[in-house]
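Student: Have a look at the structure that comes next, please.
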Amino acid sequence: MNYALIFAGGVGSRMKYGDIPKQFLTIAQKSIIILTIEKFAENDNIDGIIVVCKDGHIDRLNSQLQDHKIQKVIDVVPGGTTAQESILFGLRRLKEYDENNNIVVIHDGVRPIIDSDLISKNIDAVSKYGSCVTTVSCKETILYRDGSGLNDYSALNRRNCLIARAPQCFKINDVLPAAEKSYAEKLEFIDTYSLMEYNGLKAHLIEGKHSNIKITTFDDYLMAKNLLEKAFDHE
């Protein structure tokens, strides 16, 4: 079985857009989180969806799921204080729901510009290689800071650099123990792939699209709004 774990447990402090969590901002009359969930619900390879939501907004999300008649959502669970903690809570709930060693596709709730083909490619890659992370090429020069001084940095060759994005896809019997171990040791990682690499697992890489941005700032929101509303106009 293949499950999606969509996490949206944050408040969007970098968005600076009132007191509405960024996942509930609207584009084309739907919230960002609903637009994201729909992409997974419509994919034939996804058997069920766990959503991790900001505590205090679960009723709002459940109401929207009902209004938009979205199927496949197994449960909506409260998020933690960090994305890593929220993902762990979602993984725990998924394991409670289905104890088998299933495939889990982990995705940001505020990354709605994802196509069905990329979801399927992630699942296929895990079936063949055991794990998968979506990447895009690096378009700009990256400076690596290797000290605390003003000039302690060096330019990396961008031809050798990739940007890790979502979805990131694993077998639950690999990712859940690693997440539990890191949580117990109070280790913080920027994403699940970094956590898995720390625990000795290298993921197969597949190419994604630069348009599949994470909506973090208001500029990101405007960009995503423009891209999605243009796509809806052409449907």
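Student: For Ile213, what residues show an amide H to amide H distance below 5 Å, using hydrogens built from the backbone and excluding near sequence neighbours?
Tutor: Excluding prolines and chain starts, which carry no amide H, the hits are Ile113.
Student: If you work out Cα Rg over 2.2 N^0.38 Å from the coordinates, which of (i) 1.14; (ii) 1.01; (iii) 0.92 do you get?
Tutor: This structure yields the entry labelled (ii).
Student: A further question follows. Using the beta-carbon distance between Arg92 and Asn151 and R0 = 45 Å, what value does 1/(1 + (r/R0)^6) give for FRET efficiency, to the nearest 0.05?
Tutor: Calculated value: 0.50.
Student: OK, next. Contour minus end-to-end for Ala184 and Thr141, with contour as 0.36 nm per residue of separation and end-to-end as the Cα-Cα distance?
Tutor: 11.9 nm
Student: If you take every DSSP beta bridge fully contained in the range 1-131, what fraction is antiparallel? Give it as a percent rounded to 5.
Tutor: Working: 2 of 19 bridges.
Within the range 1-131, antiparallel bridges account for around 10 percent of the total.
Student: Mind scanning Lys186/Lys230; Lys22/Lys209; Lys95/Lys225; Lys39/Lys128; Lys30/Lys95 and naming the pairs with a C-alpha gap bigger than 32 Å?
Tutor: Values: Lys186/Lys230 43 Å; Lys22/Lys209 22 Å; Lys95/Lys225 35 Å; Lys39/Lys128 23 Å; Lys30/Lys95 30 Å.
In this structure, Lys186/Lys230; Lys95/Lys225 exceed 32 Å between Cα atoms.
Student: Another one. Ranked from highest to lowest mean number of other Cβ atoms within 10 Å per residue, what is the order of the peptides 114-127, 199-212? Spell out each step's value before the answer.
Tutor: Numbers: 114-127: 18.9, 199-212: 15.1.
Most protected by this proxy first, the peptides run 114-127, 199-212.
Student: With charges set only on the Cβ (+1 for Lys and Arg, -1 for Asp and Glu), what does the dipole of the chain come to about its Cα centre, in debye to the nearest 20? Write down the numbers at each step before the final one.
Tutor: Details: 28 positive and 32 negative charges, 88 e Å.
Magnitude of the dipole: close to 420 debye.
Student: I would also like to ask the following. How much FRET efficiency would the formula 1/(1 + (r/R0)^6) give for Glu99 and Leu205, where r is the Cβ-Cβ distance and R0 is 22 Å, rounded to 0.05?
Tutor: According to the calculation, E is roughly 0.15.
Student: Next up: Measure out, as a whole number of angstrom, how far apart the alpha-carbon centroids of the range 161-227 and the range 44-110 sit.
Tutor: What the calculation gives is 16 Å, centre to centre.
Student: How much length is gained if the chain between Arg60 and Ser120 is pulled fully straight, taking 0.36 nm per residue apart and subtracting their Cα-Cα distance, in nm to one decimal? Mind dumping the intermediate values first?
Tutor: On the way: separation 60, 0.36 × 60 = 21.60 nm, distance 2.91 nm.
Stretched fully, the Arg60-Ser120 segment lengthens by 18.7 nm.
A short reminder: the numbers here are calculations on the coordinates, not readings from a lab. Please read all numbers here as calculations on a predicted model, not as lab measurements. Note that each Cβ is placed from the backbone with ideal geometry, even for glycine, and that neighbours are counted across all protein chains shown.
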